[in-house]
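The values are calculated or read from the model by the stated rules, or taken from the named source; none is laboratory data. No experiment lies behind these values; they were computed from the predicted model shown. Neighbour counts are summed over all protein chains in view; Cβ atoms, including those assigned to glycine, are modelled from backbone coordinates with ideal geometry. The accessibility values were calculated without ligands, DNA or RNA, using every heavy atom of the protein model including side chains. Shrake-Rupley method; radii C 1.70, N 1.55, O 1.52, S 1.80 Å.
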Amino acid sequence: MKRSAKLSKADKALIAAASAAIKRRYRDDWQEVGAALRTRSGKIFTGVNLDAYLGRMAVCAEAVALGRAVVDLGDAGIDMIVAVRHPSPHDEDQNIAVVSPCGACRELIFDYDPKARVIVPDGTAPAAVPIAELLPNKYTRGPQR
């Protein structure tokens, strides 16, 4: 996988925005993941996951951030997106950490912008990767883009 060597200040600010969102709205076993999305125009949108008693009704933080962007700007393009997980009170490690998007979110991100980049964990420091690298042989309903 081709990973960027170093995150930019803007990328680090995106991680900070996702972290701030989940710090504000964290509820153990309810809201644990925050996300931040930067559009191609530079505007940042945040979201937190919406958990539900019926698991299949839950909505990921990345989808919430994307929904906010679409409502405010329409199809503005995704420059970069990141998700972070708030530790539960029982975790030994009490640091908010970058997490990889789930499979459904990878599909959603790619569907809205196949050129989007995603910040993912990479050993000791996060790295940025193109969404296409997280979805080899992506399903499409029509011709490949």
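Data table
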quantity: Whether the stretch 6-66 is rounded, prolate or oblate, judged on the alpha carbon gyration tensor where a/c under 1.5 counts as rounded; calculated: prolate
quantity: HN-Hα J in Hz across the stretch 117-127 - Karplus 6.51, -1.76, 1.60, θ = phi - 60°, x for Gly and Pro; calculated: 10, 10, 8, 10, x, 8, x, 8, 9, x, 9
quantity: Cβ-based charge dipole, the stretch 49-145, positive-most Cα from TYR139, ALA104, HIS86; calculated: TYR139
quantity: Relative contact order for the chain, counting Cα pairs under 8 Å that sit 6 or more residues apart, in percent; calculated: 22
quantity: Principal-axis tilt of helix 9-25 within the chain, Cα atoms, nearest 10 degrees; calculated: 50
quantity: Within a Gaussian network of the chain (alpha carbon springs, distance under 10 Å), most fluctuating of ASP111, ASP29, ASP122; calculated: ASP29
quantity: For the chain: accessible area per residue (Å², 1.4 Å); calculated: 59
quantity: Alpha-carbon Rg with Dmax, taken over the chain, Å; calculated: 14.7, 48
quantity: Non-local Lys pairs in the chain, i.e. 8 or more apart or on different chains, that have alpha carbons under 27 Å apart; calculated: 17
quantity: Phi-based couplings in Hz for the stretch 57-72 (Karplus 6.51, -1.76, 1.60; Gly and Pro marked x); calculated: 8, 5, 10, 6, 4, 4, 5, 5, 4, 5, x, 4, 5, 5, 4, 7
